[in-house]
1. Can you give me the angle between helix 3-21 and the longest principal axis of the chain, using Cα atoms only, in degrees from 0 to 90, rounded to the nearest 10?
2. Relative to the longest principal Cα axis of the chain, at what angle does helix 47-60 sit, 0 to 90 degrees, rounded to 10?
3. Using a simple charge model, +1 on the beta-carbon of Lys and Arg, -1 on the beta-carbon of Asp and Glu, nothing else, what dipole does the chain show about its Cα centre, in debye to the nearest 20?
4. Name the lysines eligible as straight-distance cross-link partners of LYS94: C-alpha to C-alpha under 24 Å, and not fewer than 8 places from it in the same chain.
5. One-quarter of the Cα convex hull surface for the range 3-117, in nm²?
6. May I ask which residue of THR88, PHE15, THR41 lies farthest towards the positive end of the charge dipole of the chain, with charges of +1 (Lys, Arg) and -1 (Asp, Glu) on Cβ and the Cα centre as origin?
7. Residue separation times 0.36 nm, minus the C-alpha to C-alpha distance between ASP69 and ASN107: what's the value?
8. Obtain the nm distance between the two label points defined at ALA50 and ARG6 by a simple spin-label model: each point lies 7 Å from its Cα along the Cα-to-C-beta direction.
Amino acid sequence: MNDGDRSLESLFDRFSKAFVRCDEDELSEVLSEDFVWNMPTGEVHRGHAAVIGAIRARQASADRPRFSDSRFEIHGDTAVQNYRVEVTAPNGQKKVLNGCDVYKVENGRIVSKDAYWKQIV
C-alpha cells in the first residue's frame, strides 16, 4: 500500500466516523465545499448545509436505514464502499439490501458520493 492509499484510507475513516456522528466540523474538513450526494432515491444534496440536513433528517427518522458490513476499496482518486442496508419498504416490510457507494476525491477532500442500493422486488 502506498502513502496515497493510506491517506485516502485515513480520509474515509474520518468521513465514516463524522457521518455516523453527524459531526459538522469534521464533515466540513473532509468534504469539498461543493460536495454532491446522489441518493439511491434520486434525491441530490449539494453542499455542506444540505448534507448535514439530510443526515440529521435520516437520523431522526424511526424508519431510517440501518447499515452494516461496510468496507472500502481505494482505487486512485475513487473509493468504493460496499455494505448491507436494512430499510422499511412503503408497505412496512423490512428489506435487507446490498449497497454500493462510489466516491470521488480531489485535492484531499471528498467531492461526490453516488449511492446505489440493489432493489429486490
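1. 40
2. Value to nearest ten degrees: 40.
3. About 680 debye.
4. Here the lysines satisfying the reach criterion relative to LYS94 are LYS118.
5. Here the figure is 6.8 nm², rounded to one decimal.
6. Going by the Cα projections, it comes out as THR88.
7. This chain segment gains 10.8 nm when fully extended.
8. It works out to 3.6 nm between the two label points.
Values in this text are rule-based calculations from the coordinates and carry no lab data. Here the structure is a predicted model, which is why all the values come from computation and not from measurement. No Cβ is skipped: glycine too gets one built from the backbone with ideal geometry, and neighbour counts run over all protein chains shown.
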